[in-house]
Amino acid sequence: MSVLPLVFTSGWASGINAYAVVLLFGIFGATGISDEVPEALQRPDVLIAAGVLFLCEAVADKIPYVDSIWDSVHTVIRPVAGAVVAALLAGESGSLPELAAGAVGGSTALISHLVKAGTRMAVNSSPEPFSNIGVSLAEDLGVAGIISLAVFNPVAAAAIAGTLLVLGIVMVLLLAARIRRSLRRRAQRREEKRLAGTEW
């Protein structure tokens, strides 16, 4: 089961930015930094495609409302990518059945993606664009740091990814409650204004 921490971490990171995960693993494998990276992720065509798509995501992810559209499109892509990367990693190590690895990677990526999408919806309620850029940069740096750590210390990386996942779920639940309260207050004010207008 030694590959399980790496599978979990790659799933969490794929839910945030699947293209960065493929690109980083591919670079680590192609440069010989890690022997755990499957050959499929090191292929030049895979690296080029991941690099181009990573640049597209890096731009789209920093524009208010465009990021939410991008997230909705990737609701299927990120979990599938997480499952595929996890299955490839398990197949390379032989210590975890590929089907189980795919399930762990895909489900973790889905939860992580939903946390990201929910956070972005809350961030988009802010009128200024700088919060989007800050959150996006933090996500990119977080994915790069976690995947880099996972290559050298998978257990520590999995512990950090798990903590971030739990914190993200809690934050989205808190933000969702706050957004609902804000929408209810706004609707009440509109209703009060409408009733005050009909009294005259």
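Observations on the model:
- Relative contact order for the stretch 7-81: 33 percent, from Cα pairs under 8 Å spaced at least 6 residues apart, divided by residue count.
- Length-normalised contact order of the chain in % [C-alpha pairs under 8 Å, at least 6 apart]: 30
- Helix axis angle, 4-30 relative to the chain longest principal axis, alpha carbon, degrees: 60
- Dipole magnitude (debye, nearest 20) for the chain, charges at Cβ of Lys, Arg, Asp, Glu: 1320
- Once the Cα gyration tensor of the chain is diagonalised, semi-axes √(5λ) in Å: 39, 17, 13
- With Cα atoms, 0 to 90° folded angle of helix 66-93 axis to the chain main axis: 20
- Estimated from the Cβ-Cβ distance and a Förster radius of 25 angstrom, the FRET efficiency linking V155 and A40 is about 0.50.
- Helix 98-123 axis versus longest C-alpha principal axis of the chain: approximately 30°, rounded to the nearest ten.
- Dividing the helix sum by the residues of the chain, where each DSSP H run of 4 or more adds -39500 (n - 2.57), gives a mean residue ellipticity at 222 nm of -30000 deg cm²/dmol.
Readers should treat all values here as calculations from the given coordinates under stated rules, not as data from a laboratory. If you're wondering where the values come from, they're calculated on a predicted model, not measured in any experiment. Please note: Cβ atoms are built from the backbone with ideal geometry, for glycine as well, and neighbour counts cover all protein chains shown.
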